[in-house]
Each structure stands twice: as C-alpha cells, then as structure tokens.
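What follows is one structure encoded as structure tokens, with my remarks underneath.
The values are calculated or read from the model by the stated rules, or taken from the named source; none is laboratory data. Predicted model, so just to flag it, every value in this text is computed and none were measured. Heads up, the Cβs are rebuilt from the backbone with ideal geometry, glycines too, and the neighbour counts pull from every protein chain shown. What goes into the accessible areas is simple: the full protein's heavy atoms, side chains included, and nothing from ligands, DNA or RNA. Shrake-Rupley method; radii C 1.70, N 1.55, O 1.52, S 1.80 Å.
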Amino acid sequence: MDETKLTLQNLGINEIDSNYVSKKHFKDGGQYRFEVPGIQGPSALKSLLDSCDDYDLRIHRATQTKGIMFLLDDEITQMVDLAKGADIQLFLAVGPRATYDTSATVQTPEGKRIGYRLRGYDNLIYAIEDVKRAVDLGVRGILLYDEGLLYILSEMRKNNELPSDLKFKLSAHAGCSNPASAKLFESLGLDSLNPVRDLQIPMLASIRDAINIPLDLHTENPKSTGGFIRHYEVPQMIDMVAPVYLKTGGSIAKTHSWNTTDSEAKLRAKQVALVRDMINRYSPEARISKTIK
C-alpha cells in the first residue's frame, strides 16, 4: 500500500492522523461561518433574520433548496434585498433535477442513485436558464446538484457570460465523500463544497487537506437524511476542517427542501444559537468570520 499512498501524496492527497489541525481560514482570518439551509421564500427569510437579531446571532449565509423555478420574480427580489440588508450571502438552488423530471427510475431504490442530477440535453438547458433568471434578479449564489452543470456554469463565468462574482456551492446530494472527488470539483470551479452528511471528522479532514475552498458541514440533519445532531463535534470540526460553513437548523425539517414556515425559521435560528453557545463553551478561541467575503 505504500506505493499507492505515495501516488496519492504526489497528487496532493495525504494520509491524515488524529493530530491534524487545519491551518486554512477564510480571507478575513475567520475559521467558521454559519449557514441556515431550507429557507424557501422571503417570509421565512425575514423570520429567520428577525430571530437572529433576537438571539444576537451573526449568520453568514441562507440557502434555498427547493429550486429557483418555484419562486416568483418578486419573491427572488425580496430575498435578494433582505440578504443585502442583513449582509448575508443568499444561495438559491437550481430547480430542474431528476426528481422533478418525467423519470420513473429515480423513484425506485436503484434509481435513487441518480440523485438530483440532470437527464438529457433539454434539462441542461432548463437548468442554465434557471440560473440566468436568478442572476438577472440579483442573485450571486447558486446551489448545484450536478457536476456537469458546474462545469458549464464555470465556463460561462470564465467567458463573462455570467458575473465574475457569482459563487457556486455543491449540495451533499451530489455525493462527494473523498478527497479525490473534492479535488475534481474544486478544479471545475466550485467555490464551496458540501460533502455527504455522515462523514467522520478524520474523513472530513482528509478532504480539507486536499482542497482550499470552504467546506459546508451539516451540524444536524432532517430525519429523512439520518436525523443525527453533531453539536458536540462542532469544535473539532472547526479545528480540523476550517474554513467551514456550519449548516445548522436542518433538524427542524422532516425532509430536504422542506417548506420552512415562519415559526420553523425561528426554531432554526435557535439551533444556531445552541451551536454558537457550544463553540463559546468548548472552543472560545475559535474565530468566527466578521465578513461574508
């Protein structure tokens, strides 16, 4: 196995031990940021932001997961304005995906392996149009589920067909779970990577060591994706995997793309407060980002 390990090492993929500490950070020197997923519309976003004020919370990103195509232009504009006013990043998800397509395969146990990827030429066009519409309305963060779409959008960004400040993050539903896959996604122009939800911290550290972009880590999950809550692991996540977006509040939802109500948005804010208190108690030296850039 030593020869194989040397091969990986030459490609920038190293074996990680339990003493590993990440020396990487966000541009402002911060090690971690807070992200709240599953905020599907302007009303829920406003409730979340109001509750963050109540808890004296600093969050850095809110993510809509259901799909751009489910939002009216006015709803997108409202969300953009709310995000700007609160100085947070707003990410909207690409709408077209296999589960919304005519495929019966994706509804079967075997077909679920397709995930949310795009089927065929037309759906690729639809997905790009979804992104272009959001961008025209001021959105500068896109949540992706398909590596092919990432490639196309990154090329469009390079060619100035999309804004240079547009950011792409990859969902856990894309199935990235090892450092080689992570390096591939980074090479395609990804700005933020969400590995699969249940990786152990040394596994996450091996991905961190191999790439430089932030990792988006679920501190908790809906019941449909395991329901596990990792609050006590967060200080170690920061120590070994920084820079990280701590995705918090997911346990409030029953499923991915859950339509979060205003009251549930407030509960998501409470979950962030619980994680913040955990960090302050067990890792007070950890540095939270002061900015979103």
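With the structure loaded, tell me whether M203 is within 16 Å of the chain's Cα centre (by Cα) and under 30 Å from E15 (Cβ atoms) or whether it fails that test. Please lay out each step first, then the result.
Details: within 16 Å of the chain's Cα centre (by Cα): no; under 30 Å from E15 (Cβ atoms): yes.
Considered against the rule, which asks whether it is within 16 Å of the chain's Cα centre (by Cα) and under 30 Å from E15 (Cβ atoms), M203 comes out as no.
Criterion applied to Q40, Q31 was being in contact with a His (Cβ under 7 Å, 6 or more places away or on another chain) and polar (S, T, N, Q), and the one residue passing it is Q31. Do any residues in the stretch 213-225 that are on the phi > 0 side of the Ramachandran plot and at pLDDT 90 or above have Cβ atoms under 6 Å from those of residues that are outside any loop (DSSP other than H, G, I, E, B) and hydroxyl-bearing (S, T, Y), where the two are at least six apart or on different chains, and which pairs are they? The qualifying pairs do not exist here. Please verify whether the stretch 68-88 includes one or more residues that are in contact with a helix residue (DSSP H, G or I) (Cβ under 6 Å, 6 or more places away or on another chain), closer than 30 Å to R287 by Cβ and in a loop (DSSP other than H, G, I, E, B). Among the residues of the stretch 68-88, not one is in contact with a helix residue (DSSP H, G or I) (Cβ under 6 Å, 6 or more places away or on another chain), closer than 30 Å to R287 by Cβ and in a loop (DSSP other than H, G, I, E, B), which makes the answer no.
Among the residues of the stretch 43-76, what is the count of those that are in contact with a Leu (Cβ under 7 Å, 6 or more places away or on another chain), closer than 30 Å to A98 by Cα and open to solvent by 20 Å² or more (accessible area, probe 1.4 Å)? So that I can check it myself, show each step before the final result.
First pass over the stretch 43-76, keeping only residues in contact with a Leu (Cβ under 7 Å, 6 or more places away or on another chain): 45-46, 49, 62-65, 68, 73, 76.
Now drop any that are not closer than 30 Å to A98 by Cα, which leaves 45, 62-65, 68, 73, 76.
Imposing the further condition that a residue be open to solvent by 20 Å² or more (accessible area, probe 1.4 Å) reduces the set to 73.
Matching residues across the stretch 43-76 total 1.
Summed over the stretch 275-293, the residues that are in a loop (DSSP other than H, G, I, E, B) and closer than 30 Å to L166 by Cα give a count of 7.
Among the residues of the stretch 249-286, the one identified as at pLDDT 95 or above and of a type in the set (F, W, Y) is Y282. Scanning the stretch 223-256 for residues that are open to solvent by 10 Å² or more (accessible area, probe 1.4 Å) and within 17 Å of E35 (Cβ to Cβ) yields a total of 9. Open to solvent by less than 10 Å² (accessible area, probe 1.4 Å), part of a helix (DSSP H, G or I) and in contact (Cβ under 8 Å) with a residue 24 or more places away in the chain, is that true of L92? Against the criterion (open to solvent by less than 10 Å² (accessible area, probe 1.4 Å), part of a helix (DSSP H, G or I) and in contact (Cβ under 8 Å) with a residue 24 or more places away in the chain), L92 does not qualify. If we keep just the residues of the stretch 1-52 that are over 24 Å from the mean Cα position of the chain (by Cα) and of a type in the set (S, T, Y), which is nearest to P284 (Cα to Cα)? Step by step, filter the stretch 1-52, then rank; the result is S18.
Any idea how many residues of the stretch 16-36 are modelled with pLDDT of 95 or more, part of a loop (DSSP other than H, G, I, E, B) and either in contact with a Cys (Cβ under 9 Å, 6 or more places away or on another chain) or not aliphatic (A, V, I, L, M) (or both)? Talk me through it step by step, then tell me what you get.
First pass over the stretch 16-36, keeping only residues modelled with pLDDT of 95 or more: 20-36.
Still in the list and also part of a loop (DSSP other than H, G, I, E, B): 20-31.
Next, only the ones that are either in contact with a Cys (Cβ under 9 Å, 6 or more places away or on another chain) or not aliphatic (A, V, I, L, M) (or both) stay: 20, 22-31.
The total comes to 11.
Test D165 against the stated conditions and say whether it is in contact (Cβ under 8 Å) with a residue 60 or more places away in the chain and either crowded, with 23+ Cβ neighbours inside 10 Å or among the charged types (D, E, K, R) (or both). Outline the logic, then answer.
Numbers: in contact (Cβ under 8 Å) with a residue 60 or more places away in the chain: no; either crowded, with 23+ Cβ neighbours inside 10 Å or among the charged types (D, E, K, R) (or both): yes.
Taking the combined requirement at face value, the residue does not satisfy it.
Out of everything in the stretch 226-264 that is free of Cβ contacts under 8 Å to residues at least 40 places away in the same chain and among the hydroxyl-bearing types (S, T, Y), what residue ends up being farthest from G41 (Cα to Cα)? By that ranking, first place goes to S251. Looking across the stretch 257-276, just one residue is open to solvent by 60 Å² or more (accessible area, probe 1.4 Å), of a type in the set (D, E, K, R) and within 20 Å of L217 (Cβ to Cβ), and that is K270.
Among the residues that make up the stretch 26-34, is at least one of them farther than 22 Å from P202 by Cα, loosely packed, with under 11 Cβ neighbours inside 10 Å and not polar (S, T, N, Q)? So that I can check it myself, show each step before the final result.
Taking the stretch 26-34 first, the residues farther than 22 Å from P202 by Cα are 27-29.
From what's left, loosely packed, with under 11 Cβ neighbours inside 10 Å: 27.
Still in the running and not polar (S, T, N, Q): 27.
Yes, the stretch 26-34 contains at least one residue that is farther than 22 Å from P202 by Cα, loosely packed, with under 11 Cβ neighbours inside 10 Å and not polar (S, T, N, Q).
Would you confirm, using the coordinates I've provided, whether I142 is buried (at least 19 other Cβ atoms within 10 Å of the Cβ) and touching a residue at least 40 places away in the same chain (Cβ under 8 Å)? Against the criterion (buried (at least 19 other Cβ atoms within 10 Å of the Cβ) and touching a residue at least 40 places away in the same chain (Cβ under 8 Å)), I142 qualifies.
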